[in-house]
């Protein structure tokens with residue numbers, strides 16, 4: 001469960017009124033629930049307790065300093081994909097020795113910085129990257145810990161733009177090539193073969209693809225452990241969350257989600273632990289969306305209601321620059337009024353003010369009849385929301401708030417408009 005719910009007619013996050021937060025901090029506004037973040041991390045930890053493991057939160061899903069500080073305090077590791085994300089983790093009090101550095105395009109500067117900070121492992125995507133890491137480590141007179149990301153060629157059966165585990169994707173090394181790659185890497189003197197990694201995709205709502213991938217890869221992990229002494233197997237992330245019917249009452253509806261089955265940590269662990277227990281290596285997981293997704297909402301204010309022909313447009317102050325997932329992926333976010341509204345529903349497009357036809361949050365969705373000044377909440381926006389925001393149309397980045405019980409804190413101030421161009425200068429010949 002998450003901690004967004006109605007009390008009477010008012011939407012609340014934990015013990016706080018969402019409308020009151022919107023009035024105080026303005027909109028568009030991201031709001032995060034500390035209780036939900038904590039619960040999700042602990043549930044996954046507890047489910048995987050039968051094996052030695054480390055949960056490495058995917059920073060790319062939500063990199064707010066308060067989110068990272070909270071998770072670091074819970075003992076979380078971190079999955080990072082850039083030198084900037086590593087700096088964020090360090091600033092938030094995270095331990096670099098509990099960080100894995102992923103990504104297909106690591107620069108020499110990023111590799112050097114990560115080595116100097118002592119990251120737990122590089123998740124390596126190619127042989128040229130292995131050679132580059134070896135060269136940087138030689139220059140620094142260090143030994144670099146590495147794990148090669150293998151591509152198991154397992155179809156996660158999810159959205160094409162978030163599938164990562166087939167040979168059609170840019171990620172990892174083909175399963176069949178892994179023994180040879182490890183054999184050659186073992187001859188590079190400044191590398192330590194610490195583990196092996198895989199990640200088949202995001203927003204998986206069935207456990208079968210996870211189980212299929214682990215079953216396929218487990219014998220290879222055992223082989224690599226025997227030959228090269230690897231100490232961990234990272235099974236990646238990808239556990240899906242509820243986007244539809246996210247406010248449905250009762251636990252069964254929460255996991256059923258508009259007729260779809262969703263994975264609980266207990267189901268996930270039950271399917272994977274039998275194959276993982278026998279390996280005798282540490283298991284790493286790299287969840288992002290599962291921990292942060294349902295922990296956040298985006299609140300936006302209705303500016304106009306416009307009827308054109310057969311269309312009803314609800315024009316709000318949030319836009320694709322604040323939450324790009326609907327425009328980018330055709331992603332679904334449940335949209336609810338912050339104050340419950342009765343009466344008939346009307347098919348509506350919820351759109352923003354950005355000058356793009358793709359600037360919409362939903363199309364032809366039955367919604368209550370809203371009016372100018374009403375607040376709407378886009379649910380399940382805690383992952384890949386603010387982190388993908390931009391200043392398109394010279395729009396300021398939204399504010400972020402974290403709630404803990406009956407306390408709320410502004411954890412990112414709304415960006416001042418002049419700050420958008422503060423790094424720009426006028427060419428001298430134009431002055």
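Condition first: at pLDDT 95 or above, closer than 12 Å to residue 147 by Cα and surrounded by fewer than 21 Cβ atoms within 10 Å (Cβ to Cβ). Can you find one or more residues in region 231-242 that meet it? Checked against the condition, which is being at pLDDT 95 or above, closer than 12 Å to residue 147 by Cα and surrounded by fewer than 21 Cβ atoms within 10 Å (Cβ to Cβ), region 231-242 yields at least one hit. Counting only residues that are at pLDDT 95 or above and part of a loop (DSSP other than H, G, I, E, B), region 159-197 holds 5 of them.
For (1) closer than 23 Å to residue 13 by Cα; (2) surrounded by 16 or more Cβ atoms within 10 Å (Cβ to Cβ); (3) in contact with a strand residue (DSSP E or B) (Cβ under 9 Å, 6 or more places away or on another chain), each residue gets a yes or a no:
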{"position": "329", "(1), (2), (3)": "no, no, no"}
{"position": "369", "(1), (2), (3)": "no, yes, yes"}
{"position": "385", "(1), (2), (3)": "yes, yes, yes"}
{"position": "395", "(1), (2), (3)": "no, yes, no"}
{"position": "409", "(1), (2), (3)": "yes, no, yes"}
{"position": "422", "(1), (2), (3)": "no, no, no"}
{"position": "425", "(1), (2), (3)": "no, no, no"}
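What residue, of 148, 154, is crowded, with 21+ Cβ neighbours inside 10 Å, at pLDDT 90 or above, under 23 Å from residue 56 (Cβ atoms) and in contact with a helix residue (DSSP H, G or I) (Cβ under 9 Å, 6 or more places away or on another chain)?
It is 148.
Here region 263-289 is the region considered, the condition is being assigned to a loop (DSSP other than H, G, I, E, B) and under 17 Å from the mean Cα position of the chain (by Cα), and the residue that is farthest from residue 375 (Cα to Cα) is 286. Just one of the numbered conditions (1) in the same structural domain as residue 231 (by TED's automatic domain parsing); (2) surrounded by 19 or more Cβ atoms within 10 Å (Cβ to Cβ) is not true of residue 116: (2).
Of 75, 103, all but one fail to be more than 15 Å from residue 291 (Cβ to Cβ) and touching a helix residue (DSSP H, G or I) at 6+ places or on another chain (Cβ under 9 Å); the exception is 103.
Taken over region 136-153, the criterion of being in a helix (DSSP H, G or I) and in contact (Cβ under 8 Å) with a residue 40 or more places away in the chain is satisfied by 137, 138. Summed over region 120-145, residues that are within 30 Å of residue 207 (Cα to Cα) and in contact with a helix residue (DSSP H, G or I) (Cβ under 8 Å, 6 or more places away or on another chain) total 3.
Out of 82, 17, 61, 9, one residue alone is more than 19 Å from residue 339 (Cβ to Cβ) and either surrounded by fewer than 18 Cβ atoms within 10 Å (Cβ to Cβ) or out of contact with any helix residue (DSSP H, G or I) (no Cβ under 6 Å at 6 or more places or on another chain) (or both). It is 82.
Within region 290-336, being touching a residue at least 60 places away in the same chain (Cβ under 8 Å), over 18 Å from the mean Cα position of the chain (by Cα) and not in a loop (DSSP other than H, G, I, E, B) holds for 299, 300, 301, 302, 303, 304, 305, 314, 316, 336.
The values are calculated or read from the model by the stated rules, or taken from the named source; none is laboratory data. No experiment lies behind these values; they were computed from the predicted model shown. No Cβ is skipped: glycine too gets one built from the backbone with ideal geometry, and neighbour counts run over all protein chains shown.
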